[in-house]
1. Within the group Ile38, Ile107, Ile96, which residue is β-branched (Val, Ile, Thr), out of contact with any Cys (no Cβ under 7 Å at 6 or more places or on another chain) and modelled with pLDDT of 90 or more?
2. Which residue pairs have Cβ atoms closer than 7 Å, lie 6 or more positions apart in sequence or on different chains, and pair a first residue in segment 29-44 that is free of Cβ contacts under 8 Å to residues at least 60 places away in the same chain and within 14 Å of Val149 (Cβ to Cβ) with a second residue that is open to solvent by less than 40 Å² (accessible area, probe 1.4 Å) and assigned to a loop (DSSP other than H, G, I, E, B)?
3. Can you go through Leu78, Leu142, Leu92 and tell me which one is in contact (Cβ under 8 Å) with a residue 12 or more places away in the chain and surrounded by 11 or more Cβ atoms within 10 Å (Cβ to Cβ)?
4. Is there a residue being in contact (Cβ under 8 Å) with a residue 40 or more places away in the chain, surrounded by 12 or more Cβ atoms within 10 Å (Cβ to Cβ) and farther than 24 Å from Met120 by Cα anywhere in segment 151-166?
5. Looking for something open to solvent by 70 Å² or more (accessible area, probe 1.4 Å) and under 30 Å from Tyr10 (Cβ atoms) - is there at least one such residue anywhere in segment 51-64?
Amino acid sequence: ILIFFIVSPYIAKINWDNYLPQILSGYFFEKNGSLFPIFPWVIYVLAGAMLGNYLSKNEGIYFKKRFSIFLFTIGSSLVGLYLAIYTFSYLLPENISDWLYANSLIIVRLGYVIIANSLMAFVARNFNHIPKIISDTGKKTLMLYVAHVIILYGCALFPGFNKFWGKTLTSYQTIFVV
């Protein structure tokens, strides 16, 4: 994860259209309209995989108060680091400041997700077991997320609803479509 974190801002600055066909370059940077370029999103996937691996090797730790506090501390520290970067980056040399600022969004997103996990772990402590519907839904969230992103924003084979309607629907129309 650390290697991807270090190189991610540099990879984002490369104009991949100069090296790859446009259909492939969109996977590496946002210029061609990609909402989820490989960098930095691979960092989120690997961080989730690390947490999932830890949880699978330490069965039941999710129900321990110490684990909830540990996650909350890590998440809060990442959000605090983001706030420090945002507040004091002008004091650093420009090359370091630019690199930190480019990575600050990654840091704060990871922090918020880890805080949300800590809160879920804290709530889960009040149950003897996680209800089956929540467990089953949790196992399918990645597939559900990918399906909704493809439906909304499209893919190579389907343009997505965003191409047809953009941001023109009212709240009521959106609820009706959903």
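1. Numbers: Ile38 fails: modelled with pLDDT of 90 or more; Ile96 fails: modelled with pLDDT of 90 or more.
Answer to the selection: Ile107.
2. Close Cβ pairs (under 7 Å, with a partner that is open to solvent by less than 40 Å² (accessible area, probe 1.4 Å) and assigned to a loop (DSSP other than H, G, I, E, B)) amount to Gly33/Gly26; Ser34/Gly26; Pro37/Phe29.
3. Just one listed residue meets the conditions, Leu78.
4. Step one: list which residues in segment 151-166 are in contact (Cβ under 8 Å) with a residue 40 or more places away in the chain, which gives 153, 156.
If we keep only those that are surrounded by 12 or more Cβ atoms within 10 Å (Cβ to Cβ) as well, we get 153.
Now narrow it down to the ones that are farther than 24 Å from Met120 by Cα: 153.
For segment 151-166, residues in contact (Cβ under 8 Å) with a residue 40 or more places away in the chain, surrounded by 12 or more Cβ atoms within 10 Å (Cβ to Cβ) and farther than 24 Å from Met120 by Cα: present.
5. Looking for residues that are open to solvent by 70 Å² or more (accessible area, probe 1.4 Å) and under 30 Å from Tyr10 (Cβ atoms), one finds at least one in segment 51-64, hence yes.
The rows are residues; the columns are (1) within 20 Å of Val42 (Cα to Cα); (2) touching a strand residue (DSSP E or B) at 6+ places or on another chain (Cβ under 8 Å); (3) among the aliphatic types (A, V, I, L, M).
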| site | (1), (2), (3) |
| --- | --- |
| Phe72 | no, no, no |
| Ser77 | no, no, no |
| Gly80 | no, no, no |
| Ala84 | no, no, yes |
| Phe88 | no, no, no |
| Asp98 | no, no, no |
| Tyr101 | yes, no, no |
| Ile106 | yes, no, yes |
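The values are calculated or read from the model by the stated rules, or taken from the named source; none is laboratory data. Every value quoted in this text rests on a predicted model; they were computed, and no experiment measured them. Cβ coordinates were reconstructed from backbone atoms using ideal geometry, including for glycine residues, and neighbour counts include every protein chain displayed. Side chains are part of the model used for accessible areas, which takes the heavy atoms of the whole protein and leaves out ligands, DNA and RNA. Shrake-Rupley method; radii C 1.70, N 1.55, O 1.52, S 1.80 Å.
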